[in-house]
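*Asks:* A single structure is presented below for examination.
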Amino acid sequence: MPAFFRSRAGRQWLSLMVLGAALWVVGALLQFGDHLAAFVQQFDAYGADKLVLALAVAGTMSFIYSVLRITDLRKEMVLRARAEAKADWTATHDHLTKLPNRYAFERAVLAQRRAKVDEYSEEWERNVTIFGIDLDGFKKVNDLIGHNGGDALLVEVSKRICAIGSADSVYRFGGDEFIIIATGLSSQHEERLSRLLIQAVTRPIHIDGFAVEVGASVGYDRWRQGEALEDTAHRADLAMYEAKSRGPNNYLAFEASMHDKVAARASLEAKLRLAIKNKAIRPFYQPLIDLKTGDVCGFEALARWTDDDGISIPPPVFIGIAEETGLITALFEDLLAHACRDALLWDDRITLSFNVSPVQMEDRLLTSRIFKTLTINGLPTNRLEIEITENALIQDPASAAAILDDLHEAGVQIALDDFGTGYSSLAQLARYRFDKIKIDKSFIATYRDDERQEKIVLAMLGLGRSLNIKTTAEGIEEPRQLNNLIQLGCDIGQGYLFGRPMPIEETLAFLADRNRTLAAS
Ligand code: C2E
Ligand code: CA
Ligand code: CA
């Protein structure tokens, strides 16, 4: 059967045709109505009376058919409009908090852009402020109370934000990020609204019997006549990030210097990409001295980068950017390969210590990357020591444990770096089997002048001994620090007193020099 006859319209047409034909037969048989008969009779002379009757019936049927179709179409249009409105709502709203989303904001931006710049509605002529708000510590809460708990928290937070009267429209920009548009606020009111927002969000929230607390960072700026709303929102965001960098529950109005900071950071990121591509970042090596024998027992590789303008950029700065941008893997592989080749120039007893940053511990391929680099460059696994900090262990303990186990099994040594500066040093020592702990240089720098610090260093050395783990003291700068550490039984020393980080050629001269001195003494 053709598709038309299967549709509602087709079925209606067919039934009307059948009905029409029946009527025609009945009409023809019964000489339908006097008027119609008389009227039809006029055509009798031409023998067309039955044809005219057929036309009249067909006309009536067509009329009824049209009325039915129009009613149907109208119903369909109403349904379609409803479905469209629903789809539009779904596309422009966040299903969890029911707040308009980023797409709705973009639409508002477009609508504003379409309106002629000088002909904004009255609302736009009054001052408009955009606030960016981002929760602090939401991830931690999510881990604690689970995904559903995190959702419940977001719903409650959005209700609280909407309940603040002066917020005209509230958007959820995904995750734990909200944008608020408010109009007609003075500077004092803007500050007050920021404080209100922080207070509203930070009040404890009761979820599944837990009273959970999150923080909030707020940044804001005014809309400027003629600009797109998204530019204002972008500045509010920059201010919010700056506020966040100053610790939780801060608010800040946008300032021009924030732009400069972002521009400087973007330019540094671009330079870093290029430097990694051109292999312009190189490892330097700082000696590690066995304090029992005075021998050099290893070198720690430390990344060094001097940019094209001759300015040397501190490792914490470029390592931080590399971590945030995911460039760390490429940088790590390059530096490790370079260091492995350099380490082959030293005596077999000398180990290579290499820093692994916390974000790398989330990389499931880390161990295979390390093994591959060692194999290609010919350095045996037992000559490599990996230095990690506590932060590397607490983010994803299961993944970290798997990585450390694999490395250990292959003979790579593991050192716990910056020991004593984190929140959970002892917990980490209990959980993993380290080969070495490196007492952070902050304890060594001040411990001779501070009795309490000295006791802490003594306790750390005792801890190492009782767990049968070697201890390294970092940042030894003065002979009296060294003498003291030797007396206290520290195993390994590192610091400017022995040598600063140096290029590979200088390590060879350093080793020769050190051997001569040791032989002479
Ligand atoms: P770290 O691993 O704790 O490295 C020791 C830092 O202390 C080095 O700073 C070193 O130059 C410095 N230092 C050594 N002896 C002394 C001393 O006697 N006195 C003082 N005041 N400082 C001393 P550097 O090279 O600036 O590196 C800083 C941090 O950057 C490193 O801390 C490490 O966390 C990171 N880093 C450096 N290179 C790499 C790398 O290739 N990969 C990764 N993931 N991190 C790296
Ligand atoms: Ca280190
Ligand atoms: Ca360290």
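The values are calculated or read from the model by the stated rules, or taken from the named source; none is laboratory data. Keep in mind it's a predicted model, so treat the numbers as computed, not measured. FYI the Cβ positions are ideal-geometry reconstructions off the backbone, even for glycines, and counts take in every protein chain you see.
*Asks:* List every residue pair whose Cβ atoms sit under 9 Å apart, with the two residues 6 or more apart in sequence or on different chains, where the first one lies in the stretch 235-248 and is among the basic types (Lys, Arg) and the second, anywhere, is assigned to a loop (DSSP other than H, G, I, E, B).
*Replies:* Listed by first residue and then by second, the contacts come to 235/254; 244/250.
*Asks:* In this structure, does residue 499 turn out to be touching a residue at least 12 places away in the same chain (Cβ under 8 Å), under 12 Å from residue 294 (Cβ atoms), buried (at least 19 other Cβ atoms within 10 Å of the Cβ) and in contact with a helix residue (DSSP H, G or I) (Cβ under 9 Å, 6 or more places away or on another chain)?
*Replies:* Answer is no for this residue.
*Asks:* For the stretch 56-114, what are the residues that are touching an Asp or Glu at 6+ places or on another chain (Cβ under 7 Å) and assigned to a helix (DSSP H, G or I)?
*Replies:* 109
*Asks:* Please verify whether the stretch 365-381 includes one or more residues that are buried (at least 20 other Cβ atoms within 10 Å of the Cβ) and under 30 Å from residue 485 (Cβ atoms).
*Replies:* Within the stretch 365-381 (the criterion being buried (at least 20 other Cβ atoms within 10 Å of the Cβ) and under 30 Å from residue 485 (Cβ atoms)), the answer is yes, since at least one residue qualifies.
*Asks:* I need a count of the residues in the stretch 245-288 that are of a type in the set (Gly, Ala, Ser), under 29 Å from residue 495 (Cβ atoms) and assigned to a loop (DSSP other than H, G, I, E, B).
*Replies:* 1
*Asks:* Another question about this same structure. If you check residue 92 against the conditions, is it of a type in the set (S, T, N, Q), modelled with pLDDT of 85 or more and more than 30 Å from residue 250 (Cβ to Cβ)? First the steps, then the outcome.
*Replies:* Numbers: of a type in the set (S, T, N, Q): yes; modelled with pLDDT of 85 or more: yes; more than 30 Å from residue 250 (Cβ to Cβ): yes.
Yes, satisfied.
*Asks:* Counting only residues that are within 15 Å of residue 354 (Cβ to Cβ) and either of a type in the set (Val, Ile, Thr) or more than 16 Å from ligand 3 (Cβ to nearest atom) (or both), how many does the stretch 286-296 have?
*Replies:* 0
*Asks:* Would you pick out the residues in the stretch 421-447 that are within 14 Å of ligand 1 (Cβ to nearest atom) and either modelled with pLDDT under 85 or under 29 Å from the mean Cα position of the chain (by Cα) (or both)?
*Replies:* If the condition is that a residue be within 14 Å of ligand 1 (Cβ to nearest atom) and either modelled with pLDDT under 85 or under 29 Å from the mean Cα position of the chain (by Cα) (or both), then 421, 422, 445, 446, 447 are the ones that fit.
*Asks:* In the stretch 458-489, which residues are under 42 Å from the mean Cα position of the chain (by Cα), within 15 Å of ligand 1 (Cβ to nearest atom) and not polar (S, T, N, Q)?
*Replies:* Correct list: 473, 474, 475, 476, 477.
*Asks:* Follow-up. Name the residue, out of 198, 180, 207, that is touching a Gly at 6+ places or on another chain (Cβ under 6 Å) and either farther than 22 Å from residue 246 by Cα or not hydroxyl-bearing (Ser, Thr, Tyr) (or both).
*Replies:* Values: 198 fails: touching a Gly at 6+ places or on another chain (Cβ under 6 Å); 180 fails: touching a Gly at 6+ places or on another chain (Cβ under 6 Å).
When all the criteria are applied, what remains is 207.
*Asks:* If residue 292 passes every condition in (1) among the charged types (D, E, K, R); (2) outside the structural domain of residue 474 (by TED's automatic domain parsing); (3) in contact (Cβ under 8 Å) with a residue 60 or more places away in the chain but one, which one does it miss?
*Replies:* Evaluating residue 292 over (1) among the charged types (D, E, K, R); (2) outside the structural domain of residue 474 (by TED's automatic domain parsing); (3) in contact (Cβ under 8 Å) with a residue 60 or more places away in the chain leaves (2) as the failure.
*Asks:* So, in the stretch 3-55, how many residues would count as being part of a loop (DSSP other than H, G, I, E, B), modelled with pLDDT under 80, surrounded by 11 or more Cβ atoms within 10 Å (Cβ to Cβ) and not hydrophobic (A, V, I, L, M, F, W, C)? Working first, answer last.
*Replies:* Filtering the stretch 3-55 down to residues part of a loop (DSSP other than H, G, I, E, B) leaves 7, 31-33, 42-43, 47-48.
Among the residues that remain, those that are also modelled with pLDDT under 80 are: 31-33, 42-43, 47-48.
When the remaining residues are screened for being surrounded by 11 or more Cβ atoms within 10 Å (Cβ to Cβ), the result is 31-33, 42-43, 48.
Applying the additional criterion that residues be not hydrophobic (A, V, I, L, M, F, W, C) yields 31, 33, 42.
Looking only at that region, the number is 3.
*Asks:* Could you check the stretch 343-370 and list, in sequence order, the residues that are over 18 Å from residue 413 (Cβ atoms), part of a helix (DSSP H, G or I) and more than 13 Å from ligand 1 (Cβ to nearest atom)?
*Replies:* Answer for the stretch 343-370, where residues must be over 18 Å from residue 413 (Cβ atoms), part of a helix (DSSP H, G or I) and more than 13 Å from ligand 1 (Cβ to nearest atom): 362, 368.
*Asks:* When only residues in the stretch 380-400 that are within 16 Å of ligand 1 (Cβ to nearest atom) and not aliphatic (A, V, I, L, M) count, which is nearest to residue 341 (Cα to Cα)?
*Replies:* 385
*Asks:* For residues that are over 24 Å from residue 348 (Cα atoms) and within 13 Å of ligand 2 (Cβ to nearest atom), scanning just the stretch 382-400, find the one that is surrounded by the fewest Cβ atoms within 10 Å (Cβ to Cβ).
*Replies:* The selected residue is 391.
*Asks:* How many residues does the stretch 234-275 hold that are of a type in the set (Lys, Arg) and modelled with pLDDT under 95?
*Replies:* 4
*Asks:* How many residues does the stretch 401-420 hold that are more than 15 Å from ligand 1 (Cβ to nearest atom), crowded, with 18+ Cβ neighbours inside 10 Å and more than 28 Å from residue 495 (Cβ to Cβ)?
*Replies:* Final tally of qualifying residues: 0.
*Asks:* Further question: Return only the number of the condition from (1) surrounded by fewer than 13 Cβ atoms within 10 Å (Cβ to Cβ); (2) free of Cβ contacts under 8 Å to residues at least 12 places away in the same chain; (3) within 21 Å of residue 150 (Cα to Cα) that residue 260 does not satisfy.
*Replies:* Checking residue 260 against (1) surrounded by fewer than 13 Cβ atoms within 10 Å (Cβ to Cβ); (2) free of Cβ contacts under 8 Å to residues at least 12 places away in the same chain; (3) within 21 Å of residue 150 (Cα to Cα), the one that fails is (3).
*Asks:* Something else now. Which of the residues spanning the stretch 309-319 are more than 16 Å from ligand 3 (Cβ to nearest atom) and touching a residue at least 24 places away in the same chain (Cβ under 8 Å)?
*Replies:* Residues satisfying the conditions are 313, 317, 318.
*Asks:* Output the number of residues of the stretch 98-131 satisfying the condition of being at pLDDT 90 or above and out of contact with any strand residue (DSSP E or B) (no Cβ under 8 Å at 6 or more places or on another chain).
*Replies:* Selection size over the stretch 98-131: 1.
*Asks:* Kindly indicate which of 339, 322 is more than 16 Å from ligand 3 (Cβ to nearest atom), under 24 Å from the mean Cα position of the chain (by Cα) and in a helix (DSSP H, G or I).
*Replies:* Of the residues listed, the single one that is more than 16 Å from ligand 3 (Cβ to nearest atom), under 24 Å from the mean Cα position of the chain (by Cα) and in a helix (DSSP H, G or I) is 322.
*Asks:* Look at the stretch 415-445 and say how many of its residues are without any contact (Cβ under 8 Å) to a residue 60 or more places away in the chain, aliphatic (A, V, I, L, M) and within 14 Å of ligand 3 (Cβ to nearest atom). Can you show your working first?
*Replies:* As a first pass, look at the stretch 415-445 and keep what is without any contact (Cβ under 8 Å) to a residue 60 or more places away in the chain: 416, 418-445.
Imposing the further condition that a residue be aliphatic (A, V, I, L, M) reduces the set to 416, 426-427, 429-430, 437, 439, 444-445.
Imposing the further condition that a residue be within 14 Å of ligand 3 (Cβ to nearest atom) reduces the set to 416, 437, 439, 444-445.
Summing the residues that are without any contact (Cβ under 8 Å) to a residue 60 or more places away in the chain, aliphatic (A, V, I, L, M) and within 14 Å of ligand 3 (Cβ to nearest atom) in the stretch 415-445 gives 5.
*Asks:* While we're looking at this one, here's another question. Can you work out which of the residues in the stretch 202-225 that are among the charged types (D, E, K, R) and out of contact with any Pro (no Cβ under 6 Å at 6 or more places or on another chain) is surrounded by the fewest Cβ atoms within 10 Å (Cβ to Cβ)?
*Replies:* Per the stated criteria, the residue is 208.
*Asks:* Restrict the check to the stretch 485-499 and report whether at least one residue is at pLDDT below 95 and among the hydroxyl-bearing types (Ser, Thr, Tyr).
*Replies:* no
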